[in-house]
Structures are given as structure tokens and as C-alpha cells.
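> Dropping a structure here in C-alpha cells format, bear with me for questions.
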Amino acid sequence: MVIKSEDGNEMRSFNFKDEDESQEVRAVERRILLETLANQLPSDSVSFSSRLVNIQREENGETKLQLQDGSELSAKVVIACDGIGSPVAKWMGFPEPKYVGHCAFRGLGYFPEGQPFNPRVNYIYGKGIRAAYVPVSSTKVYWFVCFNSSSPGPKITDTSLLRQQTNELVRNWPADLLNIIDLTPDDTIIRTPLVDRWLWPVASPPASTGKVVLVGDAWHPMTPNLGQGACCALEDAVVLAKKLAEAVKSEAMSIEEAFRSYQDERWGRVFPLTIRANVVGTLLQWDDPLWCFVRNNIVIPKLVSLGPVLEHTNFEFEPLLTN
Ligand SMILES: Cc1cc2nc3c(=O)[nH]c(=O)nc-3n(C[C@H](O)[C@H](O)[C@H](O)COP(=O)(O)OP(=O)(O)OC[C@H]3O[C@@H](n4cnc5c(N)ncnc54)[C@H](O)[C@@H]3O)c2cc1C
């Protein structure tokens with residue numbers, strides 16, 4: 001990992017293995033991850049473009065799901081992983097996720113002849129703006145630019161405007177970053193207001209009701225400052241699969257109990273991470289010149305140590321049985 005200031009000066013570089021043997025970073029393109037997971041399933045088991053518009057509990061204990069195309073499903077069990085705007089979470093009484101005061105532009109730079117970068121994460125810190133880029137394949141480099149904004153702003157679909165706004169934020173920043181943004185196809189550039197929802201004990205609804213349960217961002221949207229949102233969604237899936245398998249295999253545990261046990265196990269991980277990600281984001285987005293000077297000249301070069309900072313990424317679990 002390399003950390004630079006906006007003028008291109010290197011403040012610090014780390015080798016993960018030198019800092020902590022257990023640490024490594026794997027950058028994965030979302031499309032590849034989804035295809036890899038979907039390929040493990042029978043080909044007709046995923047139904048795309050099935051937007052849920054309404055959910056209702058039926059008298060027989062099943063859950064009725066109404067889709068945008070007018071079709072309806074009756075489900076014995078619903079595992080809702082429908083993201084930050086989850087209609088299922090809304091139905092369960094969760095409040096809307098809260099905007100945290102910064103937004104991110106993201107994209108995937110494409111180098112048809114092969115990308116020239118080492119396999120490392122590159123961070124660049126400015127005043128109230130930060131950016132990063134990391135190769136995700138031999139031809140693609142993921143980047144983001146995170147910036148302060150008093151409101152989430154309107155949804156922008158004009159991709160040339162998104163590119164223009166990104167370039168305005170990082171004008172005169174290191175050439176590598178500008179080049180990657182330049183080589184980013186329009187259709188991969190997006191702007192996302194960053195939000196989270198803190199799962200206060202007692203005050204927050206439970207993660208499940210009856211045989212309906214929330215997973216991932218639908219339950220615990222967190223800001224991306226620790227790079228843990230998708231990781232936590234995958235961890236949720238592993239824990240939930242284990243609990244459900246126990247319930248299906250034995251009479252001792254019902255589906256509802258399995259869901260509650262999943263919540264109990266996961267809450268202690270996702271709630272502190274959500275808060276920590278929020279606090280880290282607030283610190284990193286401070287634009288006070290004195291703080292930025294201290295950060296660039298003392299905190300990053302002399303005080304930060306990667307092992308403890310990344311300790312939260314460790315997640316131990318038993319492999320899932322496949323039979
Ligand atoms: C700028 C940024 C950078 C990030 N960086 C990282 C990172 O480095 N590492 C990391 O681990 N995480 C990162 N994240 C977080 C990560 O993207 C999310 O936590 C992750 O995508 C959550 O996965 P999910 O499956 O719960 O939800 P999503 O990925 O949002 O998937 C939800 C799915 O539900 C579908 N859906 C939505 N509404 C409906 C509906 N009504 N009916 C049916 N389907 C619906 C959507 O189409 C989508 O397919 C980042 C997020 C942002 C914004």
C-alpha cells in the first residue's frame with residue numbers, strides 16, 4: 001500500500017506481509033464475484049429483473065412478494081439482500097440509512113493493452129478529498145474519489161458530467177490517477193452518496209421477523225471507509241448458511257431461532273464496524289488545513305501502523321459442508 005499527498009509526495013508505503021502475516025488485500029471486480037457465486041447455482045435458480053415492490057405476511061405463515069412486473073410469489077423463507085434501499089428493511093420498520101456528509105465517484109479504468117501498475121493499493125489524500133486506485137485484473141484498475149458535500153445532491157445520469165465533476169475535484173493530482181480516470185469507460189462511472197445506519201441495541205428492529213431475514217447492506221449499511229461492507233455481507237451469508245443448515249437438519253432449532261441466532265452472532269461484529277467506519281471517514285474527510293498538515297507530516301508517516309488498523313478485517317470461520 002502506498003499513501004501520497006495530492007501533490008504526489010509519498011508519505012508512507014507498507015507491505016502487508018511485513019506488517020502482519022495474516023493480512024493481504026484482494027481487489028475483486030463486482031461482476032466477477034457475482035458471476036462466480038451465480039455459477040455455483042443451477043442455471044434456472046436466479047431470476048433477474050425481479051424488482052420487489054410490496055411484501056405482506058400471509059395467514060398461513062408464508063410471505064407474499066409482489067414484483068414490479070405484476071407477478072406474485074409466496075415464500076416459505078425470505079432472505080433479503082436487497083441493498084441499502086431495501087424495501088424489506090422498510091417493511092420491517094428500519095429507518096432510511098443516514099447520509100454522512102460525503103459522496104464518492106467510482107469507476108473502472110480500462111487498459112486494453114494491459115494495465116501498468118504493481119498489485120498494490122494507492123491512496124492519495126487532499127483537503128476534504130481523497131482518492132485511491134488499485135488494479136483488479138490485468139486490464140482493469142478500480143478507482144474512487146471521495147469528497148465532502150453538504151447534501152447528497154441530485155441523481156446524475158449524464159456520465160460526461162460525472163467525469164467532468166470528478167476531474168474538477170482532482171485537477172493537478174498525480175498523473176497516474178488522472179490517466180486512469182481518463183481511460184474509464186463512461187458506463188462504469190457512478191456517483192454514490194455515502195450512508196449508514198447504526199443498529200442501536202433495543203432501539204433498532206431485529207434482523208428478522210418470522211421467516212424473513214435481512215443480510216448485508218439491507219440490514220447494516222456502513223460507509224466504505226474500512227472497505228468492509230461487501231466483506232460483511234459475505235460473512236453474513238456464511239454464518240446464516242450455517243445456522244439454516246442446523247435448523248433444516250435437526251428438529252432442535254426452528255428457522256426463526258436460526259435467524260435470531262444469526263443476528264446475535266453478527267450484531268457484535270457489524271455494529272462496531274459501522275461506527276468505526278463512520279468515525280474513520282469523518283477523520284479522513286476533515287478539510288481543516290492544520291489537521292491535514294498534522295495528518296500528512298506526523299500521523300501517516302510516523303504514527304500509523306497497519307497491523308492494528310487492519311485487525312478488523314480478520315474473520316475466522318469453519319468451511320461450510322457441501323453435503
Ligand atoms: C464508494 C464505495 C466503495 C466501497 N468499497 C468497498 C470495499 O472496498 N470493500 C467492501 O467490502 N465493500 C465496499 N463497499 C460496500 C459494498 O459495495 C456493499 O457493502 C455491498 O455491495 C453490499 O452487498 P449487498 O449484497 O448487501 O447489497 P448490494 O450489493 O447493494 O446488492 C443489492 C441487490 O439487491 C437488488 N435490489 C435492490 N432493490 C431491489 C428490489 N426492490 N427488489 C429486488 N432486488 C433489489 C439490487 O439490484 C442488487 O442486485 C463500497 C461501497 C461504496 C459506496
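Derivation of every value follows stated rules applied to the coordinates shown; laboratory data play no part. Everything numeric here is computed off the predicted structure, so don't read it as measured data. Glycine gets a Cβ as well: all are built from the backbone with ideal geometry, and neighbour counts include every protein chain shown.
> Whole-Hz ³J(HN,Hα) for each residue in region 203-208, computed from phi via Karplus 6.51 cos²θ - 1.76 cosθ + 1.60 with θ = phi - 60°, x for glycine and proline: what do you get?
Running phi through 6.51 cos²θ - 1.76 cosθ + 1.60 with θ = phi - 60° gives 6, 8, x, x, 6, 9 Hz.
> I'd like the orientation of helix 229-249 relative to the chain: the angle between its Cα long axis and the longest Cα principal axis, in ° from 0 to 90, rounded to 10.
20
> Determine, from the Cβ-Cβ distance of ILE156 and LEU320 and an R0 of 35 Å, the FRET efficiency 1/(1 + (r/R0)^6), rounded to the nearest 0.05.
With R0 = 35 Å, the Cβ-Cβ based efficiency is 0.30.
> Given the DSSP H assignment, sum -39500 (n - 2.57) over each helix run of at least 4 residues in the chain and divide by its residue total; what's the result at 222 nm in deg cm²/dmol, nearest 500?
Estimated from H runs of four or more residues: -9500 deg cm²/dmol.
> Here is a follow-up. Show me, bin by bin at 10 Å from 0, the whole-percent P(r) of region 165-295 based on Cα pairs.
Calculated over all Cα pairs of region 165-295, the distribution is 11, 29, 26, 18, 11, 4, 0 percent.
> If you don't mind, there's one more thing I want to ask. Mind listing the long-range amide H neighbours of LYS4? Cut-off is under 5 Å, sequence gap 5 or more, other chains count too, H placed in the peptide plane at 1.01 Å from N.
MET11, TYR123, ILE124, TYR125
> Name the GluC sites (Glu not before Pro) in region 43-124 that are in a loop by DSSP and that have at most 15 other C-beta atoms within 10 Å, would you?
Here the GluC sites (Glu not before Pro) that fit, given the DSSP loop and packing criteria, are GLU58, GLU59, GLU113.
> Please compute the modelled spin-label separation between VAL248 and ASP264, points set 7 Å along Cα→Cβ, answer in nm with one decimal.
2.3
> Report the chymotrypsin sites (Phe, Trp or Tyr not before Pro) located in region 225-323 that are in a DSSP loop and have at most 16 other Cβ atoms inside 10 Å of their Cβ, or state none.
Those satisfying the criteria are TRP286, PHE315, PHE317.
> Considering only lysines 8 or more places apart in sequence, or on different chains, count the pairs in region 124-256 whose C-alpha atoms sit under 25 Å apart.
4
> Also, I was wondering about something else. Expressed as a whole percent, how much of the Cα-Cα distance distribution for the chain exceeds 35 Å?
27
> Could you work out how much longer the chain between HIS312 and GLN68 gets when fully extended? Use 0.36 nm per residue separation minus the Cα distance between them, nm to one decimal.
Extra length available between HIS312 and GLN68 comes to 83.9 nm.
> Separate question: Rounded to the nearest Å, what's the spacing between the alpha carbon centres of region 195-213 and region 273-301? Just the number, please.
30
> Okay, moving on. For region 233-323, what mean projected area does the convex hull of the alpha carbons give, in nm²?
7.8
> Please turn the phi angles of region 137-143 into ³J(HN,Hα) values with the Karplus equation 6.51 cos²θ - 1.76 cosθ + 1.60 (θ = phi - 60°), one per residue in order, whole Hz, x for glycine and proline.
3J(HN,Hα) across region 137-143, in whole Hz: 6, 5, 10, 10, 10, 7, 9.
> For the chain, take the longest principal axis of its alpha carbons; what is the angle in degrees between that and the long axis of helix 159-169, to the nearest 10 within 0 to 90?
50
> Just to verify a number: FRET efficiency for LEU283 and LEU41, C-beta to C-beta distance, R0 = 45 Å, to 0.05?
FRET efficiency, LEU283 to LEU41: 0.65.
> Translational diffusion coefficient, Stokes-Einstein: compute it for region 164-235 using the Kirkwood radius over C-alpha pairs as Rh, at 37 °C and 0.692 mPa s, and state it as an integer in µm² s⁻¹.
Value of D from the Cα-based Kirkwood radius: 211 µm²/s.
> Which one, ILE300, GLN165, SER150, projects farthest toward the positive side of the charge dipole computed for the chain from Cβ point charges (K/R +1, D/E -1)?
The listed residue farthest towards the positive side: SER150.
> While we're on this one: Placing unit charges on C-beta atoms (Lys and Arg positive, Asp and Glu negative, everything else neutral), compute the dipole magnitude of the chain about its Cα centre in debye, rounded to 20.
It works out to roughly 580 debye.
> Hand me the GluC sites (Glu not before Pro) from region 241-298 located in a DSSP loop with no more than 14 other Cβ atoms within 10 Å, in residue order please.
GLU251
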